[in-house]
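Beneath this line is the structure, given in structure tokens, with notes to follow.
Values in this text are rule-based calculations from the coordinates and carry no lab data. All figures in this text were calculated on a predicted structure; none of them were measured in a lab. Glycine gets a Cβ as well: all are built from the backbone with ideal geometry, and neighbour counts include every protein chain shown.
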Amino acid sequence: MQNNSATPSPASGARIEHLLAQLHGEIGILVNESTKSQHIIDTDLAAYKNAFGAARQENAQLEARVRMRDEQLRAYEEQVQSLKDQVKGYRISVIVDGDGCIFSEDLISRGRQGGYDAARLLVDSLQSHLKEDFGENHYQFWIYVFFNKKGLMDALGRSSLSPLRSKLEDFVVGFNQASTRIVMLDVGFGKEEADGKVKEFLDRDVNLPQTFKVFFAGCHDNGYATTLRSHITVGRGGKLVLLNGYSTMASGMSELGLPSVTIPGLFMENKITDHPAVGSPVRKTVPTAEHDLDASGPPPGLPAPNRPLVTSPTLSFSAMAQKPADRRASVGSSARISPPPAVRRLNPNQPLSKQNPKPCNVHYLAGNCWLEGCQYGHDYELTDDQLEELRQYVKRAPCQFVNNGEPCLREDDCIYGHSCPRGPTCTYVKVKKCIFKGANMHAAGGYY
């Protein structure tokens, strides 16, 4: 029987081996190329990862910068808005000639509480008036009353209102303590003292861009008409409102055509008159300002004169306080002038700020402490060096006018600081804890 299966020849086996070797070589080449490609991919992937990490880090830094700039932008916007508010503002200034606009008998009779009530009545009434005419706004009131305290006390003493003399000091204290922006200031003798300050503050406040309204209480005195008319002429009359004191307004003031407001119960409606002595046939009117004798007619309470009824000239409270007869009466009265107190000794082992009591800053640096019952010392004898030490110490406290963005009328004469003693390098201002808060109080070159 014949076997049909073919037996491979030697030549066929060699060819198969050659093909297998060739295939193995090609597979090796493919493996090598794959390995190289994988290496390239791994290298590129690592590069991409590094680039991505760097990009993320850079992005985080950029985001931090953006947040910082956003915060700076918000701070700048707040500053800009604050400046706009200051320029626009709803600053309400109330300027009172206290020699002619005298607070009511009821208010003065209540002493310190009456002073506080007078300030509250004044602010509340004007606030209501402004709200009714101009709507709800953030009105900020600054109230200044200038008067001659001794002249007023003397006038009260000569009238039927003499019991009010013992309450006037406390009334002034209560009025001043009602707010840091409310001031009742004794300007001393001389009508020019009160008039000068009234006109100076009037000119200043009318010209401030942030002033919305100025309520002027001096309607008894024609002498102010010229000043007011000058402001009306240059276009600032829209800021002015007259605040009535006496029931009768001086003719020159009524002719200005300015709007006026009356607050019932705030001021006396009539001028203070002398109390007639026993057997005296004539009751004299005591005018409260030199301009009260208006050319259009006699003062209220006196008949039209066909001959002089009173030989003494018209006097203000300030002028009356300077009459020799008044001075003699004052010395001879029960309210005698006390002898000067003995000089108090300083403790040489303590600085001025640690003395007991401490020296009164206002008394030694401004020359006049008005506060009744002031707890600080007024009877030390300080050397020039000690005064300078006190001056530098007080400068570490900010002036409240400048601190609230308001101009300080005393400027270089102000005893308080107009700039932070640490200057631009102050570390407290960065965390908003510095007591010097006004604009530019940390600027380089600011005066201390």
Extending each Cα 7 Å along its Cβ direction at Gln177 and Arg65, get the distance between those two points in nm, one decimal.
-> 5.8 nm
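Dipole of region 86-261, Cα-centred, from +1 at each Lys and Arg C-beta and -1 at each Asp and Glu C-beta, to the nearest 20 debye? Show your work: numbers first, answer last.
On the way: 20 positive and 21 negative charges, 63 e Å.
That gives a dipole near 300 debye.
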With label points built 7 Å along Cα→Cβ from the Cα atoms of Val431 and Tyr376, find their separation and express it in nm.
-> 2.9 nm
Potential lengthening between Glu58 and Asp274 on full extension [0.36 nm per residue; Cα-Cα distance subtracted] = 69.1 nm
Determine ³J(HN,Hα), in whole Hz, for all residues of region 128-135 in sequence, where each value follows from phi through the Karplus function 6.51 cos²θ - 1.76 cosθ + 1.60 and θ = phi - 60°; x replaces Gly and Pro.
-> 5, 4, 5, 4, 5, 8, 10, x
Give the cross-link partners of Lys49 among the aspartates and glutamates, using a straight C-alpha distance below 15 Å as the criterion and excluding same-chain residues fewer than 8 apart.
-> Glu58
Proximal aspartates and glutamates relative to Lys430, as straight alpha-carbon distance under 20 Å, when same-chain residues fewer than 8 apart are discounted | Asp70, Glu71, Glu77, Glu78
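Quick check on my link table: of Lys149/Lys199; Lys167/Lys271; Lys239/Lys437; Lys239/Lys271; Lys150/Lys197, which ones sit more than 22 Å apart, alpha carbon to alpha carbon? Spell out each step's value before the answer.
Numbers: Lys149/Lys199 19 Å; Lys167/Lys271 19 Å; Lys239/Lys437 28 Å; Lys239/Lys271 28 Å; Lys150/Lys197 18 Å.
Lys239/Lys437; Lys239/Lys271, as the Cα separations exceed 22 Å there.
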Determine, from the Cβ-Cβ distance of Glu17 and Tyr48 and an R0 of 60 Å, the FRET efficiency 1/(1 + (r/R0)^6), rounded to the nearest 0.05.
-> 0.85
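Would you kindly calculate the mean projected area, averaged across all directions, of the convex hull enclosing the Cα atoms of region 86-261, in square nanometres? It would help to have the intermediate numbers written out before the result.
Details: hull surface 39.6 nm².
That works out to 9.9 nm², a quarter of the Cα hull's surface.
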Please give the length that would be gained between Arg345 and Ser9 if that part of the chain were fully extended, namely 0.36 nm times their separation in residues minus their C-alpha to C-alpha distance (nm, one decimal).
-> 107.1 nm
Amide H contacts of Val94 (H built 1.01 Å from N, under 5 Å, at least 5 apart or other chain) = Trp142, Ile143, Tyr144, Phe215
